[in-house]
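Worksheet for the structure shown next.
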Amino acid sequence: MRLEEAEIANRLKALLPADEQTERGCDRVLRRLKTADAVDEDLHNEQGWEELPRSSSRRWIALTAAGLVLLLISIAVFRRAPKDEVSWGRSAAEYFARLSRFAESGRTVQTGPSNRGPVFEVTSIRPSGPNRGGGRGFGPQACGGDLQVEPRRFVARDVTLYRLIALAYGKDCIFLEQNGELLLGGPEWVRSAGFVIQAVIPSSAPAYTRSQLDTGTAPQLQEMLRNLLADRFNLALHSEAKDMPVYLLTAGNGASKLVPWKEGNPARGFVGMAGLGDQRSFHIMGGKKSMAEFVLQLQDATRRPVIDRTGIAGEFNYDLRYAPSAGQVGAEVDGLSGPSLFTALQEQLNLKLEAARAPVQILMIDRAERPTEN
Amino acid sequence: MPTTSRMPETRRPEFTPEVDDLFRQHSHFVYKTAFVVTRSPEDAEDVLQTLFLRLMRRRVPPTFLENPRRYLYVAAVNLSLNTIRSRRRQVLIGDVQSFDRAQDSSSPVADNPATQRLHRAIATLPPRTVEILILRYVHDYTEQEIARLLGRTRGTIAVTLFRCRNRLRKLMLASAHGESR
């Protein structure tokens, strides 16, 4: 058999999908990505097939399996409920009647103390396997893992209590971890032990997205999380003011060099390296960003709290280029060109960043215990 | 100057206009690549989705900005090869006899035996070789264009293609011989 180039090309091209099929496939993926909260999974993670978010039959299998798991959890919860105990064997009919009443009315089933605001209807917590965390999440191990927020379901896989606290209190986990002084106390496992949490959100709660939870703008869901942590991890913490190194951001003399955002300009945000060869720099880019958002980017880049004292309002476009210095994100990369962050801020945006000490609210963990059995 | 500003923000899995731009530029290229390697529309969609989810979460190397197309293409080939190899493992563990059914069940075309052999042979090639093979014979890139996209020399591309053709020939012969017995 002789295999010529043309033959290989012909046979391989015979495997190409039709343009219409490509178009349809890409459209389906585009739709799923635009609602990424519902499918926020990674095809090639270490957890195996059960986490495939996926299309067609496999997705149905995953959904059915998840439904079965939740049903089993519900059974376990009903069986353990101290007052309304329902046994599978003796009172199956009662159980089904209760389940159907619940389905019809959307009534909240409490699994723990309920006098502290909203709680999840049903929760399941179990320790992660030995392969949790590590390279999966973006950032330090304490902030690894995956989250999924759907209108009626909250799932956190391989997350530490540290990250759960950050989420519940509206903090940026990676910034907390990189700074190292904003969330203190508690046993070592708080930062290293992973847990898998599945919870049903009451139908009466607003439908939040993963992004809202990440940015601390999902108040009811955050409250449910706080109650969950208090109930199951017996978590107690308090907030206190601590004097620590910060940066003060102030406006320079003269007019600001921030370019106001205009209709049609892209909305974007990026903190990282860009450029080629000798021209590589670290960038803080923004489009349609407020000063508050710019300050968050600066915090990420400097690993230190930044206090905005510019008094500048509005939304802006900017592309700040600099070479990170010791202690800042990106400092470990060789060959980056540009001025220091401080000089760049002054020259490129007419803003001043000054080191100072100021009181900052930090969280102190007073007590945390490994979660109780489901 | 940055090569591009199209990069989503850290840890915010949002479908930003920048991701939208990248998707429009590269999705067909990625989908077709994944489809040719996996021969399954579902797997091709999964590969495309996984890559863009990573992008939305910024789980990509810093060098991504220098050449997004290179990253997306290389990652698509690797993910697709992993997919077909893991599919093969899962079936072998579960049911040996269903291997061929599983291989062919999602095939978009009724391949002739030679094409099937070619496809099976590709699954055994190193990812770097498959990257070059698909660019050359599926996407019709010239050797120079491949070298530019993948950041290798033209000589490396030519030598790899030559060896790849020889290897495919041997693999296909072995496969045909195995089937005839």
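The values are calculated or read from the model by the stated rules, or taken from the named source; none is laboratory data. Remember, predicted model here, so these are calculated numbers, not experimental data. Methodologically, a virtual Cβ is constructed for each residue, glycine included, from the backbone with ideal geometry; neighbour enumeration extends over all protein chains shown. Surface accessibility is based on the protein's heavy atoms, side chains included, excluding ligands, DNA and RNA. Shrake-Rupley method; radii C 1.70, N 1.55, O 1.52, S 1.80 Å.
Given a Förster distance of 45 Å, report the FRET efficiency between B:Arg70 and A:Thr372 from their Cβ-Cβ distance, rounded to the nearest 0.05.
Details: r = 50 Å, r/R0 = 1.11.
After rounding, the FRET efficiency stands at 0.35.
Chains A and B: how much accessible area gets covered up at their contact, both sides added, probe 1.4 Å, in Å² to the nearest hundred? By this definition, chains A and B bury close to 6100 Å². Neighbouring Cβ atoms from other chains, within 10 Å of the Cβ of residues in B:22-34, number 3 on average. Taking amide H as placed 1.01 Å from N in the peptide plane, the amide H of A:Val259 sits under 5 Å from that of A:Asn317, each at least 5 places away or on another chain. In terms of overall dimensions, segment B:16-74 has a Cα radius of gyration and Dmax of 11.1, 31 angstrom. With R₀ set to 25 Å, the beta-carbon distance separating A:Ser204 from A:Lys34 gives a calculated FRET efficiency near 0.40. Working from label points 7 Å from Cα in the Cα-to-Cβ sense, the A:Glu263 to A:Glu188 distance is 5.9 nm. Can you figure out the FRET efficiency of A:Lys171 with A:Ala14, using R₀ = 41 Å and their beta-carbon distance, to the nearest 0.05? FRET efficiency, A:Lys171 to A:Ala14: 0.15.
State, to one decimal in nm², a quarter of the convex hull surface area for the C-alpha atoms of segment A:143-209, i.e. the direction-averaged projected area. All intermediate terms of the calculation are to be shown ahead of the outcome.
Values: hull surface 18.5 nm².
Result: a mean projected hull area of 4.6 nm².
Percent of Cα pairs in segment A:216-374 per distance bin of 5 Å, from zero to the largest separation: 2, 8, 13, 17, 15, 13, 11, 9, 7, 4, 1, 0, 0.
Summarising the label geometry, the points placed 7 Å from Cα in the beta-carbon direction at A:Arg357 and A:Asn234 lie 3.8 nm from one another. Against the criterion of solvent-accessible heavy-atom surface with a 1.4 angstrom probe, B:Asp46, A:Asp366, A:Asp300, A:Asp27 sort, most first, into A:Asp366, A:Asp27, A:Asp300, B:Asp46. Ranked by the mean number of other Cβ atoms within 10 Å of their residues, highest first, the peptides A:144-152, A:323-331 come out as A:144-152, A:323-331.
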